[in-house]
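> What follows is a single structure, and I will ask about it in a moment.
The values are calculated or read from the model by the stated rules, or taken from the named source; none is laboratory data. As the structure is a prediction and not an experimental result, all values here were calculated from the model. Don't worry about glycine lacking a Cβ; one is built from the backbone with ideal geometry, like all the others, and counts go over all protein chains shown.
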Amino acid sequence: MDIATVFGLIIGLGLILFGMFDPNTQMIPSTFVNIQGVAIVLGGTLAATAINYPLPNVLRMFRVAGNAFGGKNEDSAVEIINQLVELSQIARKKGFVTIEKLLPTIENNYLRMGLENAILEKDAGKLRSFLENELDNMIKRHRNGQEMFYNMGNYAPAFGLLGTVMGLILMMTQQGQSSSVTGYASQMENSMGQLLDGMGIALVTTFYGVLLANLIFIPIAGKLKGRTALETHVNEIILAGILSIHSKEHPVIMEEKLLTFLDKDTRALHRGSNGR
């Protein structure tokens with residue numbers, strides 16, 4: 001489970017509940033609880049998403065969201081470089097085909113699949129094309145999930161505003177029907193109280209929309225985007241490493257090439273840990 005995501009969600013909800021807390025009554029006002037408002041905002045957002053995307057994409061929405069809260073532990077760039085160097089040394093000493101026996105032990109899907117194709121494909125150009133296509137398709141798949149949550153972040157405040165407008169229309173209509181010219185003076189105080197009460201209830205849907213958009217949907221999209229960037233970076237290292245192994249490049253030369261993918265500090269730390 002991603003601790004940062006859960007921690008951020010708990011802190012965010014905690015601060016919002018703290019802001020809603022009424023010190024006079026020592027409770028959260030019941031005004032903030034409005035089932036109709038939740039139905040309008042959440043239901044409208046899901047309905048708009050279903051209209052905008054194919055049904056299979058919508059059904060995968062919860063699984064995609066799960067990647068932001070849990071998901072697999074991503075391989076670090078340093079770990080992948082060490083693994084590629086080790087594979088290169090094995091291929092150089094015992095032959096490239098020897099790697100085939102190690103494939104079941106490799107957990108990274110892109111690395112395992114790339115090595116499988118590298119064993120079968122003799123043409124380096126075709127191998128590069130295959131690896132690049134697979135990487136591009138992965139990025140496109142991930143972007144679809146990110147885009148869905150970004151759009152939900154746009155829909156939620158819009159439906160919150162829609163709920164507010166609906167509430168104001170109903171409130172004004174009922175107020176107009178219950179008031180009369182002759183009884184206006186006597187009803188002034190009572191009507192003003194009802195008006196402010198109704199306005200508070202009407203604004204709750206906007207509150208729900210802004211809350212869902214800025215604490216749930218948009219942050220999830222951002223987390224997914226960050227994970228895609230990390231996975232893409234690691235896969236680019238894998239791509240370069242597999243091509244180097246395929247071309248029988250010396251492991252030391254390959255390692256130096258792969259270290260260019262790392263920042264200066266991480267590169268120096270890696271070299272220091274290897275006694276160089």
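> Would you point out which residue out of Y155, Y110, Y150 is within 26 Å of T266 (Cα to Cα), under 22 Å from the mean Cα position of the chain (by Cα) and touching a residue at least 12 places away in the same chain (Cβ under 8 Å)?
None of the others qualify; the one that does is Y110.
> Do we find a residue being more than 30 Å from D263 (Cβ to Cβ), assigned to a loop (DSSP other than H, G, I, E, B) and more than 19 Å from the chain's Cα centre (by Cα) anywhere in region 60-73?
No; the residues of region 60-73 include none that is more than 30 Å from D263 (Cβ to Cβ), assigned to a loop (DSSP other than H, G, I, E, B) and more than 19 Å from the chain's Cα centre (by Cα).
> Of these, I11, I40, which one is surrounded by fewer than 15 Cβ atoms within 10 Å (Cβ to Cβ), out of contact with any Lys or Arg (no Cβ under 8 Å at 6 or more places or on another chain), part of a helix (DSSP H, G or I) and at pLDDT 90 or above?
I11
> Just to be sure before I move on: is G163 surrounded by 16 or more Cβ atoms within 10 Å (Cβ to Cβ) and either under 22 Å from the mean Cα position of the chain (by Cα) or part of a helix (DSSP H, G or I) (or both) in the structure I sent?
yes
> Here's something else I'd like to know. Which pairs have Cβ atoms under 7 Å, sit 6 or more apart or on different chains, and link a residue in region 60-71 that is touching a residue at least 40 places away in the same chain (Cβ under 8 Å) and within 18 Å of I218 (Cβ to Cβ) to one that is loosely packed, with under 15 Cβ neighbours inside 10 Å and β-branched (V, I, T)?
Once the first residue is touching a residue at least 40 places away in the same chain (Cβ under 8 Å) and within 18 Å of I218 (Cβ to Cβ) and sits in region 60-71, its partners that are loosely packed, with under 15 Cβ neighbours inside 10 Å and β-branched (V, I, T) give F69/V6.
> Check S191, S180, S244 and return the single one that is polar (S, T, N, Q), modelled with pLDDT under 70 and assigned to a helix (DSSP H, G or I).
S191
> Let me ask something additional. If I filter region 80-96 for residues that are loosely packed, with under 15 Cβ neighbours inside 10 Å, without any contact (Cβ under 8 Å) to a residue 40 or more places away in the chain and under 26 Å from the mean Cα position of the chain (by Cα), do I get at least one hit?
No, that holds for no residue.
> May I pose another question? It is to be established whether one or more residues within region 47-68 are of a type in the set (S, T, Y) and out of contact with any Phe, Trp or Tyr (no Cβ under 8 Å at 6 or more places or on another chain).
Within region 47-68, one or more residues are of a type in the set (S, T, Y) and out of contact with any Phe, Trp or Tyr (no Cβ under 8 Å at 6 or more places or on another chain).
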